[in-house]
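Q: Can you keep this structure in mind? I'll have questions shortly.
The values are calculated or read from the model by the stated rules, or taken from the named source; none is laboratory data. From a predicted model like this one, the values you see are computed outputs, not experimental measurements. Cβ coordinates were reconstructed from backbone atoms using ideal geometry, including for glycine residues, and neighbour counts include every protein chain displayed.
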Amino acid sequence: MKILLLGEYSRLHNSLKEGFVTLGHEVSIVGCGDKFKQFPVDYSIYAQICNDNKIANLLYRGIRKVIGLDFEKIEKAIRFYLLIPKLNDYHHVQLINSDALETYPILSRFLYKKLFKNIQNRSLLICGDETPIVDYLIKKEFKYSVLTPYFEDNSIEKEFQFPLKYRKNSYRKTFDWLKENCQNLITSDLDYEIPMRKMGFQTTFIPNPINTDTIAFQKTENTGEIVIFLGINRLSYTKKGIIYFEKALEIIQEKHADKIEIIVTENLPYKEYISKYNKAHILLDQVFAYDQGYNALEAMAKGKVVFTGAETEFLNQYQLQEDEVCINALPDENEIAAKLSYLIEHPEKMIKISKNARNFIEKEHNYIVIAKKYLACWE
C-alpha cells in the first residue's frame, strides 16, 4: 500500500513510516520539519523564501506587522499546491492534525479538498493542539493542563496563541470538515484521548510508535555523578511548565552540588538535542501532562529516568504503579526537587526505573506493533 503522511511535529510520523516500511509498504511524509527541530520529510513545504532569504524575511515581517498577512503560511500553501500532482496515487492519507499544512484554514480546506479527490481513504490524527482538545481544556475539568498558566494569568495570552487559535471559527470549520471527510479519528496518548471522549467523539487510541530497533538501551551504572538534562523549547516553555523544573534544579544544585551535573539546552535541532541528552541519567520533559509525549518516550527507550506526565489515568491504562516506568512531574518545584533528591540519594532506584522504562516501551510502543494497529484501524 502507498501511504501519505501529512505533517511532522515530534518524529511520530517518521517512526510510523519506519514501521510501515518494515511491513512492506511505501510511505512518504510531507511537512516542513517543524522549524528548528528539522525533522526529516520526503516532500518539504518549508517556507524557504520567507525564512532563509534575509531581505525577503525583513520585507515579509514588515508586511505582517502592518497588515497581518503571513507570507510564510502562503508560501507553504503554494509549495503544497505544486506538490499535489505527485500525491494522487496514494491509497491512504493521514494528517498529523487539522493544521497539518500550517497555512491559513481557508487555504487548508481548499488544498485538502483537491488532495482528497484522488485519495478516498483518510485519517485525522489527534496528537497535539486541536479544536475539541482546547474546547475541553477551557472547561477546566482536568486538575491541571497545558492551559493552566493561561488560566492563572490571562496577560500571557500571546504565549498561548497556538492552542487558542483552534477555537477560532476558521480553524473550527476546518476541523469539522475533516471530521466529516476522514474515516478515522486516532489519538496518540491519553492527553488527547480523554478530552476527545469527554467531548463526545468516537476515536481509536493507538500509542505513539517508538523505533526500538534503532534506539539502543543505555545501561545506567551506579556512578557517583548523576547527570540531569533539561531541553527547553521556548515556543512551549510556559505550557509545558518548564519554570517548575528550573526552580527545582536551583534547589537540587544547592543541596547536591557535589553529586550532580546539570545540562540545560535551548531550541536545538532534533539530532543535536538527542546527542546532548545521551549522557544524562535523568531527563526533565514536561509538567502539565497526564501521559508521555514523544521526547519522553524516546528517552525512556534509552533507559533514561524521565520526569513527565504519568498520572493516575496513565497508570490505570497500563496497569502500572506510581513512578514505576517514569516519574510523574507535578506543578510543584518542591515536589519535583524531593523526587530528584531521592533518586540522587538512592541510585539503585534509578537503575530499576531505567530498566522498567525500556521494557515498557518495548511492550507498549514498539513501532512495528503500532504500525499494525494503524493498518487494522484503517481497514
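Q: Mind counting the residues in the stretch 205-224 that are buried (at least 16 other Cβ atoms within 10 Å of the Cβ) and of a type outside the set (A, V, I, L, M, F, W, C)?
A: Residues in the stretch 205-224 being buried (at least 16 other Cβ atoms within 10 Å of the Cβ) and of a type outside the set (A, V, I, L, M, F, W, C): 7 in total.
Q: Residues that are surrounded by fewer than 17 Cβ atoms within 10 Å (Cβ to Cβ) and within 17 Å of ASN233 (Cβ to Cβ): does the stretch 305-313 have at least one?
A: Within the stretch 305-313, none of the residues are surrounded by fewer than 17 Cβ atoms within 10 Å (Cβ to Cβ) and within 17 Å of ASN233 (Cβ to Cβ).
Quick grid of which residues meet (1) in contact (Cβ under 8 Å) with a residue 60 or more places away in the chain; (2) assigned to a loop (DSSP other than H, G, I, E, B); (3) within 25 Å of LYS239 (Cα to Cα):
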{"site": "GLY303", "(1), (2), (3)": "yes, yes, no"}
{"site": "LEU315", "(1), (2), (3)": "no, no, yes"}
{"site": "PRO331", "(1), (2), (3)": "yes, yes, yes"}
{"site": "LEU340", "(1), (2), (3)": "yes, no, yes"}
{"site": "ILE344", "(1), (2), (3)": "yes, no, no"}
{"site": "LYS352", "(1), (2), (3)": "no, no, no"}
{"site": "ASN356", "(1), (2), (3)": "no, no, no"}
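Q: When the residues of the stretch 13-32 are narrowed to those that are under 17 Å from TRP378 (Cα atoms) and assigned to a helix (DSSP H, G or I), which ends up farthest from the chain's Cα centre (by Cα)?
A: VAL21
Q: Of the residues that sit in the stretch 283-304 and are hydrophobic (A, V, I, L, M, F, W, C) and in contact with a Pro (Cβ under 9 Å, 6 or more places away or on another chain), which one is surrounded by the fewest Cβ atoms within 10 Å (Cβ to Cβ)?
A: Looking at residues that are hydrophobic (A, V, I, L, M, F, W, C) and in contact with a Pro (Cβ under 9 Å, 6 or more places away or on another chain), I get PHE288.
Q: Here is a follow-up. Can you tell me how many residues in the stretch 341-379 are over 30 Å from ARG122 (Cα atoms) and of a type in the set (A, V, I, L, M)?
A: Of the residues in that region, 6 qualify.
Q: Write out, first by first residue and then by second, each pair whose Cβ atoms fall under 6 Å of each other, whose residues are 6+ apart or on separate chains, and whose first residue, in the stretch 118-147, is in contact (Cβ under 8 Å) with a residue 24 or more places away in the chain and over 12 Å from MET196 (Cα atoms) while the second is buried (at least 18 other Cβ atoms within 10 Å of the Cβ) and charged (D, E, K, R).
A: Pairs that qualify, where the first residue is in contact (Cβ under 8 Å) with a residue 24 or more places away in the chain and over 12 Å from MET196 (Cα atoms) and the partner is buried (at least 18 other Cβ atoms within 10 Å of the Cβ) and charged (D, E, K, R), are VAL146/LYS239.
Q: Let me ask you something else. Looking for something modelled with pLDDT under 95, crowded, with 17+ Cβ neighbours inside 10 Å and either in contact with a Phe, Trp or Tyr (Cβ under 8 Å, 6 or more places away or on another chain) or more than 27 Å from PHE39 (Cβ to Cβ) (or both) - is there at least one such residue anywhere in the stretch 328-341?
A: Within the stretch 328-341, not a single residue is modelled with pLDDT under 95, crowded, with 17+ Cβ neighbours inside 10 Å and either in contact with a Phe, Trp or Tyr (Cβ under 8 Å, 6 or more places away or on another chain) or more than 27 Å from PHE39 (Cβ to Cβ) (or both).
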